[in-house]
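Accompanying notes for the structure given below.
The values are calculated or read from the model by the stated rules, or taken from the named source; none is laboratory data. Keep in mind the model is a prediction, meaning the values are calculated, not measured. Using ideal geometry, Cβ is built from the backbone for each residue, glycine included, and neighbour counts are taken over all protein chains shown.
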Amino acid sequence: MSTILEALKKSEQERKLNKLPTLSDMPPPQERARWPIALLSVLCLLMAALLVMLAIRWWQPSQSENQVRLISNETIGLAGESTASLEGAGDTQNDEIVVNVVSYSEQPAQRFAMINGKMVRENEFVRAGLRVEKIEPNGVVLNMRGERIRRTP
């Protein structure tokens, strides 16, 4: 019986030596899990959305902090000054000042105004020679080459 077993083992070995491996003989490659890539993609999208929301909130002051007031375009003189002297009879630059929006807050860093379509804060220049002195709840005090002008949107 041992000779029969030996003969079978020998024939098996010979058969294996003459036989070339095929694709069916090879084990299939293990596929890598794809869920880490999907999870990373979703995480990146969530982070981007969070950053966008924080940026929007940072750039837009909340309504509870600020009072946004739209006021009509008028020239109002400061205390003790006449409106006629501030209007400037022949001064066309004074007529070109259009205050669109005033956003007032108790915190000076949060105040801004839109003048001639440009967003400005206190002590910033609208254009050469025209500086925003103060932003008040109902208007803006401007300094045009030493002349103080109060405008309301």
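When you go through (1) within 30 Å of ARG127 (Cα to Cα); (2) modelled with pLDDT of 80 or more; (3) assigned to a helix (DSSP H, G or I) one by one for LEU54, which number turns out not to apply?
The one condition LEU54 does not meet is (1).
If I filter the stretch 95-111 for residues that are exposed (fewer than 10 other Cβ atoms within 10 Å of the Cβ) and either at pLDDT below 75 or touching a Gly at 6+ places or on another chain (Cβ under 9 Å) (or both), do I get at least one hit?
The answer is no; no qualifying residue exists.
How about the stretch 110-153: which of its residues are free of Cβ contacts under 8 Å to residues at least 12 places away in the same chain and closer than 28 Å to TRP58 by Cβ?
Once the filter is applied, which keeps residues that are free of Cβ contacts under 8 Å to residues at least 12 places away in the same chain and closer than 28 Å to TRP58 by Cβ, the stretch 110-153 yields LYS118, MET119, ASN123, GLU124, PHE125, ARG127.
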